[in-house]
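A quick write-up on the structure given underneath.
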Amino acid sequence: MFINLFLELKKAQVRVSVKEYLTLVEAMDRGLAQFSVDEFYYLSRATLVKDERHLDRFDRVFGRVFKGLEGGTALNELLVQIPEAWLKKLVERYLTEEEKAKIQSLGGWDKLMETLRERLAEQKGRHQGGNKWIGTAGTSPFGAHGYNPEGVRIGQDKSRHRRAVKVWDQREYKNLDDQVVIGTRNIKLALRRLRKFARQGAPDVLDLPGTIRSTAHNGGYLDLQLVPERRNTVKVLLFMDAGGSMDDWIRICEELFSAARSEFKHLEYFYFHNCVYESVWRDNRRRHVERLPTWDVIHTYGPDYKLIFVGDASMSPYEIVTPGGSVEHWNAEPGEIWMRRLLQHYEHAAWLNPVREDYWNYTPSIGLLGKLMENRMYPLTLGGLDRAMRELNT
Amino acid sequence: MRFQGTKIYVATEDLLMAVNAAITLRRPLLIKGEPGTGKTILAAEIAQSLGAPLIEWHIKSTTKAQHGLYEYDAVARLRDSQLGEARVHDIRNYIVRGKLWDAFVSERVPVLLIDEIDKADIEFPNDLLLELDRMEFHVYETKETIKARHRPIVVITSNNEKELPDAFLRRCFFHYIRFPDRDTMEAIVRVHFPDIQKKLINQALTTFFEVREVPGIKKKPSTSELLDWLKLLVAEDVPAEALKTSEAKSLIPPLHGALLKHEADVHLFERLAFLQRREGRT
């Protein structure tokens, strides 16, 4: 019955299964959504979509499959014929209340459709602005991103003025689509490798072999032995390069960072600029006010923490090897020494570099830091992460 | 049975449809959404409006699926055996019922809330697949099968901290509670504060949505925070005029502690207020 919707959803890579389709049919059979497309839309959405990132895709597919089911069929036929380039939003035009008030409606729905047909026949090219032709940001009743009280919205991703009629055409869930987060999820997969089961914490699970042993030692009287439960106890110190040449990579870094957050029980994060010197900071916005001596970091967190640097390591070599080389302040000791101190204290360390691996040779400072890291520098890709995690786990 | 929203819970049409689908077909309903959009309270409202008992199961990071079914208190039995107690001979004395068991044997159709399922271990939802699907489970110690008298109405909330397995999702209805728009929000405020002045609501909502729009804000205030804030405003008898943000002096809304929970956000607002004042002077 709705097999078309199901197949289209599959094609749009919304993860639907036969089971969900059958649930939908069952729900329809029980009379849940009977006489309105809206109800059916809500019901099928609740049944078939299980991830808010797919809601937008669902809306699009639903609109495509059931277009013309309610309201102006003529419009929907026309929709197909309108070249998309017209509708690309190039201009955002904001009208004042008075301007809006001045605009006159054209008449009822039929009249509107009729005029649209006429205009479409007359019009030959892309149009923008103005108050008659179909295009973007104008005050004609047709097109997108403009304002007319009785407007027909064509190809606009969101209701600007909340005057349009169709629900699923509003695509309210657009910003939840997963094209943005896909990086995070990949990285998450790789970070799982870091999970290591270790027994730490309060003893709250009965240790049966231990109990038997110690009961026997105890002359048959019960002596309960408890052990701590297995928990994910990977401890990580994350050092992230902020600012300067890293600005391009900050988005990737933040994805990695947000992925890392949920994966570890103990995760401390610090920011540095280009190279680690005598102090780091936790809050990027107050970096000049609240600095934390690197010595304190070393003294606070034991050698069982694993060290991950994220940075492009692209800078002048002086910033690493000479005192006073930092671009931001006067550093008494070169970055090299601070790197060595950290690496000496923390046995497990890796450097993740967002720069493509085959470009590393062109930047001397990458080679320098790579050598300091004893070749434990990996590209910020899934494969590189895999290698880095394997290194950290040894 | 049909859920229509309650006096103090404003439910949108799509939410109603999802809830009614779950009630009719007795499949679990998975609710996601921004914090403070009323995910947890929904189960209580469904229970109240249907007159059904509510069984709440709050999940923590240490919760295991087995805890919801039953627990066998072997340590207590071991201890009793050492002391020579009579009850040690019946293993049933040491089976502790879980929330799911309670829901299955309930006299009337209950509403079972599994709150924040994403807090638990990643395997947790998988361990409950069969139990939620067939609404029965087996007690190995006593060799009996507990079967649900009435299939309970199961409401599951998640904050998206972990991804849920596909097999689990297939068995649920899903609804994502969108942040309410201005009209819905006004309706929500109306239900909670029936006698509040129209002017105050208008001004407060404007301020509230403006605060949410401020770029770079760390934690956007949610519905429950708006309600708290309004409660404070009413209690303190703050006039609507005091909320007008056009005056530079009061850019930080009065009693902001109810809206801004992050000290970085308060700083942000102070900075904005400072900038605006400086602009006003030149």
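Where a number appears in this text, it was derived from the coordinates with a stated rule and is not lab data. All of these numbers come straight from a predicted model, not from anything done at the bench. Cβ coordinates were reconstructed from backbone atoms using ideal geometry, including for glycine residues, and neighbour counts include every protein chain displayed.
In percent, rounded to a whole number, the relative contact order of chain B is 22, using alpha-carbon pairs under 8 Å and six or more apart. Percent of Cα pairs in the range A:2-78 per distance bin of 10 Å, from zero to the largest separation: 18, 52, 27, 3. With chain B treated as a Gaussian network of Cα nodes joined by springs under 10 Å, which of B:Thr62, B:Thr223, B:Thr207 yields the largest mean-square fluctuation? Sorting by GNM fluctuation, first place goes to B:Thr62.
Solvent-free Debye calculation, one equal scatterer per alpha-carbon of chain B: log10 I(q)/I(0) at 0.12 Å⁻¹ equals -0.85. Which shape class applies to the range A:284-335: rounded if a/c is under 1.5, otherwise prolate when a/b exceeds b/c and oblate if not, where a ≥ b ≥ c are the square roots of the Cα gyration tensor eigenvalues? Here the range A:284-335 falls in the prolate category. Panel order for B:Ile188, B:Ile23, B:Ile41, by other beta carbons found within 10 Å of each beta carbon, from fewest to most: B:Ile41, B:Ile188, B:Ile23.
Computed over the range B:130-224, the P(r) tail beyond 20 angstrom holds 62 percent of alpha carbon pairs. Sorting the segments A:49-58, B:177-186 by their residues' average number of neighbouring beta-carbon atoms within 10 angstrom, most packed first, yields A:49-58, B:177-186.
Ordering A:Trp295, B:Trp229 from the fewest to the most neighbouring beta carbons within 10 Å gives A:Trp295, B:Trp229.
Scanning residues 5 or more positions from A:Leu267 or on other chains, those with amide H under 5 Å from its amide H are A:Val236, with H placed 1.01 Å from N in the peptide plane.
When A:Val289, B:Val75, A:Val234 are arranged by Cβ crowding within 10 Å, least crowded first, meaning fewest neighbours, the order is A:Val289, B:Val75, A:Val234.
Between the alpha-carbon centres of the range B:116-171 and the range B:11-67 there is a gap of 14 Å. Distant-in-sequence amide contacts of B:Ile156, defined by a placed amide H-H separation under 5 Å and a gap of 5 or more residues or a different chain, comprise B:Leu29, B:Leu30, B:Ile31, B:Ile114. Computed from phi, the 3J(HN,Hα) profile of the range A:295-308 under the Karplus parametrisation 6.51, -1.76, 1.60 (θ = phi - 60°) reads 4, 4, 4, 4, 6, 6, 9, x, x, 7, 6, 9, 9, 10 Hz, with x in place of Gly and Pro. Remark: mean inter-chain Cβ contacts per residue of A:37-43 equal 4, using a 10 Å Cβ-Cβ cutoff to other protein chain atoms.
Across the range B:52-119, the fraction of Cα-Cα pairs farther apart than 13 Å, rounded to a whole number, is 68%.
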